[in-house]
Amino acid sequence: MRNSFSSHEPMLASAEEGQTKKPNYSFDRVFAKRFFRLLKVLFSSNRPNKVWSTSKEARKYSIFWLYMTFIVLGVSYEALAYFVGMTPSRFYTILTSRDSVGFRNFIVPCLLLVFSTATCKSLLNFMGGLFAIKARRLLTTHLQERYIKPKSMYTLVMNHEHIDNPDQRITQDVDKFSETLREIVTKLIIAPIMVVYYTYKCWIVSGFAGPLFIFGYFVIGSFVSKIFIQPIVNAVFFKELQEGNFRYLHVRLRQYAESIAFCDGEVEEKHRAGKSLDTLLTYQRNIVNKELPLKLTNESFSYLGAILSYIIIAIPIFTGILDDKDASELSAIISANSFVAMYLIYLFSTIIEESSKLSDLAGYTARIGEFLEALDRVADDIKVMEIDHPHHFQDDQTNAIEFEDVTLFSPRSKLIVSDLNLKISQGNHVAFVGPNGSGKTSVLRALAGLWPCTEGTIRIPKVRLGKDLIFLPQLPYLIDGSLREQIVYPNTTPAIKITDQDIIQLLEKVRLSHLSGLIQSYDTSYSQEWNKFLSPGEQQRLVFARILYWKPRFAVLDEATSSMDEETEEYLYRTLIDLGITVISISHRSSITELHDTLVRLDGEGGYTIEEENTVQSSLVAI
């Protein structure tokens, strides 16, 4: 069997390697593929219902009907805007003819038209807000379903270092993508239809020359804008990358505030934060610099459009087509036709002006699309791992964990252990020992299925109820939630409830009875407060309560008591043993290793020795 980890793809790439890889992001086939993939998520989430289905389920997982409502409002607004635009010509006719009765009769419908247009525009913006919210919900839910699932998150974070800041891509990049898409859609949702309509109206007024001038103006503007857009896409991508790095730096400052204070490291950390900020602002300034020529081009074309509209109107006037019209009629015609020409130019100018937002959209699309592609590779990696290195679940009558001829390499192709044969029966407590870096935790990763075995098989018992195999790492993970939720985490059987009395008893067993007085109730949710309520040793004791609650057949402890005092540590180990829980652990303390029946001693070079109970006692006496 092959090694699923490749030495050409190290788990942790060096900073120099990361800096040399600067891919180019632009409007190309890759962008189109990624963008349409995101649109597919928005319009169809692979549900059994058709996209256009009106069922509640279909509308929940698709943005189709919201988009249709958007189009209806957009068409209504454009129709109302057209009539509002034609009102000046009507006023010119009424005022130049001094028609007071016609003026009074026209002013009321005119006001209603204006208020209707304003209402429609407001509704269009309101629907835009709903559009952005739903787009964010659908994309974020899709990404979370792909990312936060067994082995996926761990594999991506550990083996795909080129995907920087997955948290930022899910939170900020998706939000910005949704908002930018909303802004573009709000302004351009029916722009193509309106361009065709106003082109026809302009053709009637000025013949082929008017639309020809306008289309030429648009083509030139689009070409020039594309030249200036291209470098902005890359700049946006790398600016967002540095945004994530800068935010992560401050998250670490908050997380390790006490450690930094003990080390008097504030000055150096301030220097690091300042350096990271300078890098971020350099990228941001780079975008501002590159947007200047684009903005200058867009603004120039916007103002040139006003002049071009009068040039178009001048064509029928100076060619004699309108010589038979008097001044009153001519002013009304000029007003109406200038509106048509200027609105067509406005539509094209809007399309050109949105080019700056398109560059932002391309940058966000690249980051989200790249993340999805990485998740695809992770899914393939996991599938290969499950085929090449499966865990064979045994029947309910078997209570043993077996390593059969297991050879294990690290992701950097370092040999951890070779031909490991070990059977851990229920009641046989096993400790893995050895020098730092010898691969003790790596063996537990393989046991958990996080790392594949290059050769051999690891067999684990079939889970019968709840969690029969629980892992506790050295760094305790406390969730954002209540004490009740902390104890039952992860609650794979939601129907199972824990009573207040159960919580009190569990806290007593892990010597945390005082915790009841620190919180408002067992159902009050806390976040960062857990780190303030509890010392590192107390945090380890709290997660230990999960084992006492679930009572698994096997408990795997990776130095899970390293922050406790020796007396409490030994007490908790003996509590597990007395409950009939088989302990598989890593520990450097002799007081703990002597509680185990078997020691597996790794030498860090692939070799190992197995010492049974009598040998273990002899070794401890010798020490």
Of those in the stretch 73-125 that are under 30 Å from Leu188 (Cα atoms) and among the basic types (Lys, Arg), the residue farthest from the chain's Cα centre (by Cα) is Arg90
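Condition check ((1) touching a helix residue (DSSP H, G or I) at 6+ places or on another chain (Cβ under 6 Å); (2) assigned by TED's automatic domain parsing to the domain that holds Thr180; (3) in contact (Cβ under 8 Å) with a residue 40 or more places away in the chain; (4) surrounded by 13 or more Cβ atoms within 10 Å (Cβ to Cβ)) across all residues:
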position: Lys50; (1), (2), (3), (4): no, no, no, no
position: Thr54; (1), (2), (3), (4): no, no, no, no
position: Ile63; (1), (2), (3), (4): yes, no, yes, yes
position: Phe70; (1), (2), (3), (4): yes, no, yes, yes
position: Thr87; (1), (2), (3), (4): yes, no, no, yes
position: Ile94; (1), (2), (3), (4): yes, no, no, yes
position: Val108; (1), (2), (3), (4): no, no, no, no
The residue that is modelled with the highest pLDDT, considering only those in the stretch 139-159 that are outside any helix (DSSP H, G or I) and either of a type in the set (A, V, I, L, M) or on the phi > 0 side of the Ramachandran plot (or both), is Ile148
His162 passes all but one of the listed conditions (1) part of a helix (DSSP H, G or I); (2) in the same structural domain as Asp381 (by TED's automatic domain parsing); (3) under 30 Å from Pro490 (Cβ atoms); the exception is number (1)
Okay, strands (runs of 3 or more DSSP E) sitting entirely in the stretch 401-488 with 1 or more residues that are touching a Lys or Arg at 6+ places or on another chain (Cβ under 6 Å), buried (at least 20 other Cβ atoms within 10 Å of the Cβ) and of a type outside the set (Val, Ile, Thr), I get 430-433
Taking the stretch 195-217 and keeping only residues that are under 41 Å from the mean Cα position of the chain (by Cα) and either more than 21 Å from Ile307 (Cα to Cα) or in a loop (DSSP other than H, G, I, E, B) (or both), one is left with Val196, Tyr197
Cβ pairs under 8 Å, 6+ apart or interchain, first in the stretch 171-186 and farther than 10 Å from Thr365 by Cα, second not in a helix (DSSP H, G or I), ordered by first then second residue, are Glu183/Glu354; Ile184/Glu354
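The values are calculated or read from the model by the stated rules, or taken from the named source; none is laboratory data. What you see is a predicted model, and the numbers here were worked out from it, not measured in a lab. FYI the Cβ positions are ideal-geometry reconstructions off the backbone, even for glycines, and counts take in every protein chain you see.
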